[in-house]
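Each remark here refers to the structure printed beneath this line.
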Amino acid sequence: MVGARYIVPSTCSVLPQACENERVNPWLIAAPATIAAAAGIAAYGATHPCAQLFGRTICRTNSPRKLAITFDDGPNPAVTPKLLDLLDRHNAKATFFLIGKFVRECPDLVKETIARGHAVGNHTETHPNLFRLTRREIRIELRLCHDAISHILGSPPKWFRPPFGMRNPWVIPAARELGYRTVMWTLLPGDWREQPAEWLIQRMQPIADHAQRNLSNAANSATKGTGDILCLHDGAHRKLNGDRSRTLAALEHWLPRWRDLGLEFVTIDQAVSTPAP
Ligand SMILES: [Zn+2]
């Protein structure tokens, strides 16, 4: 049947070579497909935690033994003190990516975090989506948080994490101007969601799975391979004193179990330093 030859398959827009319609100008199909592909690549570079398209990031530790636990959106007077005690009980060090406006409200909590042996990083002044900001606006967001932390600690932090993990071509260069390396993650369990602690505990299972797989063989256990960076939240970026009790409960569950599997809980500084022999 002749007419059937002109039926455009539904896959045409993504697979123009599969299209049999010879009367359609191929550019009408190829140009949107190319734009869609470019948009897809840009979206990947902007959002994927391990994408290096818009600049280099750290998204793994340098040893399967090292687990870097990171907390965003603090300091939070309702949660961070309990979290610091919990980490102490399990001899765990972590990295806290701080929001500048909260740093100004809770300077003593930032000092206490450092005094307990943890690292801190810059998570911007107000937690905007940096993808939508101009180069100038991005620099201001980073600089204000940089100054807030530096003023309290006497020296600037070394690590930066973009809010929501969102980057555009100016974000990582702006961070580098201030001396930062950008830190992403291997696992983002979604601890901000209104779900029971059991749900969150299950979402953190991949850390144990990776440890079991990578550390069970003695030959693999020392320096070969990489380890996870876990992204959790001790704060809520919209307001101080957000509830993160589920995050605390999930860590109560996992910290001793991860330790039993052979994991060490390290700061980002330790996560990128020379692996232990
Ligand atoms: Zn955040």
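Can you give me the distance in nm between label points at LYS111 and GLN202, each placed 7 Å from the Cα along the Cα-to-Cβ direction? Spacing of the two 7 Å Cα→Cβ label points: 4.5 nm. Under 5 Å from the amide H of ASP228 lie the amide H atoms of THR61, ALA68, each residue being 5 or more positions distant or on a separate chain, with H modelled from the backbone and absent for Pro and chain starts. Whole-Hz Karplus values for segment 167-173 come out as 10, 10, x, 9, 5, 5, x Hz, taken residue by residue from phi with 6.51 cos²θ - 1.76 cosθ + 1.60 and θ = phi - 60°; glycine and proline positions read x. Count the net charge of all other residues whose Cβ sits under 15 Å from the Cβ of LEU263, scoring Lys and Arg as +1 and Asp and Glu as -1. My count for the surroundings of LEU263 gives +3.
Using the Cβ of ASN168 as centre and a radius below 12 Å, the other residues enclosed give a net charge of +2, where K and R count +1 and D and E count -1. The chymotrypsin sites (Phe, Trp or Tyr not before Pro) of segment 178-219 include none that meets both criteria, a DSSP state outside H, G, I, E and B (loop) and at most 10 other C-beta atoms within 10 angstrom of the site's C-beta.
Under 5 Å from the amide H of HIS233 lie the amide H atoms of ASP72, each residue being 5 or more positions distant or on a separate chain, with H modelled from the backbone and absent for Pro and chain starts. When the square roots of the Cα gyration tensor eigenvalues are ordered a ≥ b ≥ c, the ratio a/c for segment 41-102 is 1.5 or more and a/b does not exceed b/c, which makes its shape oblate. In sequence order, segment 57-63 has phi-based couplings of 10, 9, 10, 8, 7, 9, 8 Hz under the Karplus curve 6.51 cos²θ - 1.76 cosθ + 1.60, θ = phi - 60°, and Gly or Pro positions carry x. Under 5 Å from the amide H of PHE96 lie the amide H atoms of PHE71, ALA119, VAL120, GLY121, each residue being 5 or more positions distant or on a separate chain, with H modelled from the backbone and absent for Pro and chain starts. Packing-based ranking of 204-214, 119-129, 53-63 yields 119-129, 53-63, 204-214, ordered from highest to lowest mean Cβ neighbour count within 10 Å.
Bear in mind these aren't lab numbers, they're just calculated from the coordinates by the rules spelled out. As the structure is a prediction and not an experimental result, all values here were calculated from the model. As a convention, Cβ positions derive from the backbone with ideal geometry for all residues, glycine included, and neighbour counts pool all protein chains shown.
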